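J.: Input: one structure, supplied below.
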Amino acid sequence: MGAKKLILYLTAGYPDGSRFARAASVAADEGVDILEIGLPFSDPVADGPVIQAASAVAIRSGVTFERTLAMSARLPQSLPRVLMTYANPIFVRGWSRAFSLARSAGFSGAILPDIPVEELASIEPFRPPGFYLVPFVAPTTSPDRLSRICRTARDGAFIYLVSLRGITGARIGDTVAEEVTAVTRRIRRLTHAPVYVGFGIRTAADAEKFGRCADGVIVGSSALAALGRGLAPFARLIRQMRRKLDRLD
Amino acid sequence: MNLPARPSGGPDRRGYFGPFGGRFIPETLMTALLDLESGYERIRKDRSFHADLRNLLTGFAGRPTPLYRADRLSSAAGCRVYLKREDLCHTGAHKINNCVGQALLAVRLGKRRIIAETGAGQHGVATATIAAKLGLSCTIYMGAEDVRRQATNVFRMKLLGATVVEVHSGSKTLKDAMNEALRDWVTNVENTYYLIGSVAGPHPYPMIVRDFQSVIGFEARRQVLREEGRLPRSIYACVGGGSNAIGIFYAFIPARTELIGVEAGGTGTSLGRHSASLSRGKPGILHGMQTFLLSVPTGNVAAVHSIAAGLDYPGVGPEHAYLKKMRRARYFSVTDREALAAFHHLTRLEGIPPAFESAHAVAGFWKERRRYRKSDLVIVNISGRGDKDIPRLFENGR
């Protein structure tokens, strides 16, 4: 396994239950370090068209919190995984109960993109021990908030560095890599937590470029799009990304 | 006209009204929200801002609007009823009060591009109108379903120079238009101002929109005291997101006046047939705020329905959730049918066709008219005019 991490996002139950399970095991075989499993939400404001469409498909086929947990519990124990969803599906079940159930199903943490650090503070008390909440840093994050955000990365949490101003699957501009390098440097002065870059990472070349800037990359939309075409193109994309990342450092 | 002094009941520094409100949005937007908050605090104390706002509200938006004693409705109902005539505002509804204020704020913050969501198109038209007046670029997000239902408003927005983007995701209505506007804002946050149309969304929007709409209630308070020398016993207003209701309630919160919000009961009480979030919803989180929400047990947002597109929203402003919790305001719903009956009733009795939204307020009052004695004073907020809804009646009539 390379030093640079590859984090893969999959929407639970997309394109369907069995292909999701096969995609997850392909991911494990191809050297994905952390699997981010998306519990689909009806109003995913941080997500672009690909993840919106995948979420809609999964919701229509009846994917719920409980079924997502059941799918996770069937995956190989050795594959670290984190639950990604929005605030409401967790809130309606009670933070504490939902987090504990997620931990029992093999999740080591949660990613909630509509919960900034100010709101995270009031949810923190409901977090079971050993279950982390992933804080976000964006290119627009101000220096005073950055230190507060970095302090909340505890219990094995990584920092989710949003590469660009935009939603998942957006096109990355030319200056983004420089900006990401600069922000990562500032984060390093504040915390030892690993920094993974996500949003808009589509190709193996992107993975290489951003893998160089930080500790790893998060891939979502492009992997889902590949999976929509079939398991073979999906496996190929991950393999290429893994290879590029392994060649770094 | 001035912005109200520091609010009595909130929000607190984190944007909460009791347990409701907050800022549940992606990190990318946090800096913009904090800038908006501090920019707003600055203009509250800025005399030239107040002068500009006053000028636009009087000359452009048509304020003050009358508080009109509805004699025939009064004698039919058996008490003294006044109508607050927001239907006489420029663009046909109270929406312009907020748009004028926020557009001026956008200019002070150096933003030359404005985006907004719209349901029926009233907020979209009001936003496009002030954007034209101030020479700002304007993009309006509107659900494809609403674009189809409200074609003339789409045309109006385009006449005013706005770009209208059809939203095809989800239920293709207001909530999805708001999702898409948020996605645009995340992408263009540095040059774009998001002009939210209701007392909804992340802090500080519920506070800002309330402050700009509170002119309705402060005017009504002055007018009723001048006419009658006393405050009303009750006020009725319709509640979708809740901006016209908060607008008229706010000045009366310290008084003993009963505040009554009327929600859209649609065609039935089961989920999907109404949009009565306060009467039938549960606490939830959507569009940046913790509030009463209509959601299915999985946590996904439920489908909603109302004959009035402006009430067709699964959430509600957090301050209403708080007023309900504190029992300072009371909320119930009337059906599509009751609202339609009230529309015809007011049109025939007073020669004032209300918007279908405002017809809910009239229907709510009518339902409760027997609670009042002859000398009791009641104000009903007519938040908008019915012109936009008349084509629909015409088509149904054929």
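J.: Going by the conditions given, is residue B:231 outside any helix (DSSP H, G or I) and either surrounded by fewer than 19 Cβ atoms within 10 Å (Cβ to Cβ) or within 14 Å of chain A (Cβ to nearest Cβ) (or both)?
T.: Considered against the rule, which asks whether it is outside any helix (DSSP H, G or I) and either surrounded by fewer than 19 Cβ atoms within 10 Å (Cβ to Cβ) or within 14 Å of chain A (Cβ to nearest Cβ) (or both), residue B:231 comes out as yes.
J.: Considering every residue within region A:152-160, establish whether at least one is within 9 Å of chain B (Cβ to nearest Cβ), within 19 Å of the chain's Cα centre (by Cα) and among the aromatic types (Phe, Trp, Tyr).
T.: yes
J.: What single numbered condition from (1) under 23 Å from residue B:289 (Cα atoms); (2) in a strand (DSSP E or B); (3) more than 14 Å from every other protein chain (Cβ to nearest Cβ) fails to hold for residue B:127?
T.: Answer for residue B:127: the failing condition is (2).
J.: Of all the helices (runs of 4 or more DSSP H) wholly in region B:312-398, which have at least 1 residues that are touching a Phe, Trp or Tyr at 6+ places or on another chain (Cβ under 7 Å), closer than 19 Å to residue B:122 by Cβ and hydrophobic (A, V, I, L, M, F, W, C)? Lay out the reasoning, then the answer.
T.: Numbers: elements: B:318-325, B:336-350, B:356-367, B:390-397.
Fully inside region B:312-398 and qualifying: B:336-350, B:356-367.
J.: Considering A:21, A:54, A:73, which residue is crowded, with 20+ Cβ neighbours inside 10 Å and aliphatic (A, V, I, L, M)?
T.: Result: A:54 is the single residue among A:21, A:54, A:73 that is crowded, with 20+ Cβ neighbours inside 10 Å and aliphatic (A, V, I, L, M).
J.: A further question follows. Looking only at residues in region B:6-43 that are over 23 Å from residue B:189 (Cα atoms) and away from chain A (no Cβ under 14 Å), which one is surrounded by the most Cβ atoms within 10 Å (Cβ to Cβ)?
T.: Top of the filtered list is B:17.
J.: I'm trying to understand the selection: among the residues of region A:225-239, which are aliphatic (A, V, I, L, M) and either in contact (Cβ under 8 Å) with a residue 24 or more places away in the chain or surrounded by fewer than 14 Cβ atoms within 10 Å (Cβ to Cβ) (or both)?
T.: Across region A:225-239, the qualifying residues are A:225, A:227, A:231, A:232, A:235, A:237, A:238.
J.: Using the structure shown, decide if residue A:60 is more than 13 Å from every other protein chain (Cβ to nearest Cβ) and more than 17 Å from the chain's Cα centre (by Cα).
T.: Taking the combined requirement at face value, the residue does not satisfy it.
J.: Further question on the same structure: Inspect region B:274-293 for any residue being modelled with pLDDT of 95 or more, surrounded by fewer than 24 Cβ atoms within 10 Å (Cβ to Cβ), more than 27 Å from residue B:142 (Cα to Cα) and away from chain A (no Cβ under 14 Å) and give the result as yes or no.
T.: So far as region B:274-293 goes, no, none of its residues is modelled with pLDDT of 95 or more, surrounded by fewer than 24 Cβ atoms within 10 Å (Cβ to Cβ), more than 27 Å from residue B:142 (Cα to Cα) and away from chain A (no Cβ under 14 Å).
J.: Just give me the residues in region A:28-77 being under 24 Å from residue A:166 (Cβ atoms), hydroxyl-bearing (Ser, Thr, Tyr) and in contact with a Leu (Cβ under 6 Å, 6 or more places away or on another chain), in sequence order.
T.: Answer for region A:28-77, where residues must be under 24 Å from residue A:166 (Cβ atoms), hydroxyl-bearing (Ser, Thr, Tyr) and in contact with a Leu (Cβ under 6 Å, 6 or more places away or on another chain): there is none.
J.: Of all the residues that make up region B:239-272, how many are of a type in the set (Val, Ile, Thr) and either surrounded by fewer than 21 Cβ atoms within 10 Å (Cβ to Cβ) or assigned to a strand (DSSP E or B) (or both)? Steps first, please.
T.: If we filter region B:239-272 for residues that are of a type in the set (Val, Ile, Thr), which is where we start, we get B:239, B:246, B:248, B:253, B:257, B:260, B:262, B:267, B:269.
Applying the additional criterion that residues be either surrounded by fewer than 21 Cβ atoms within 10 Å (Cβ to Cβ) or assigned to a strand (DSSP E or B) (or both) yields B:253, B:260, B:262, B:267, B:269.
Residues meeting the conditions: 5.
J.: Taking only region B:137-190 into account, find how many residues are in a loop (DSSP other than H, G, I, E, B) and more than 14 Å from chain A (Cβ to nearest Cβ).
T.: 4
J.: Among the numbered criteria (1) over 22 Å from residue B:40 (Cα atoms); (2) crowded, with 24+ Cβ neighbours inside 10 Å; (3) within 14 Å of chain A (Cβ to nearest Cβ), which one does residue B:121 miss?
T.: (3)
The values are calculated or read from the model by the stated rules, or taken from the named source; none is laboratory data. Bear in mind that the values here come from a model prediction, so they are computed numbers and not experimental data. All Cβ positions, glycine included, derive from the backbone under ideal geometry; neighbour counts span all protein chains shown.
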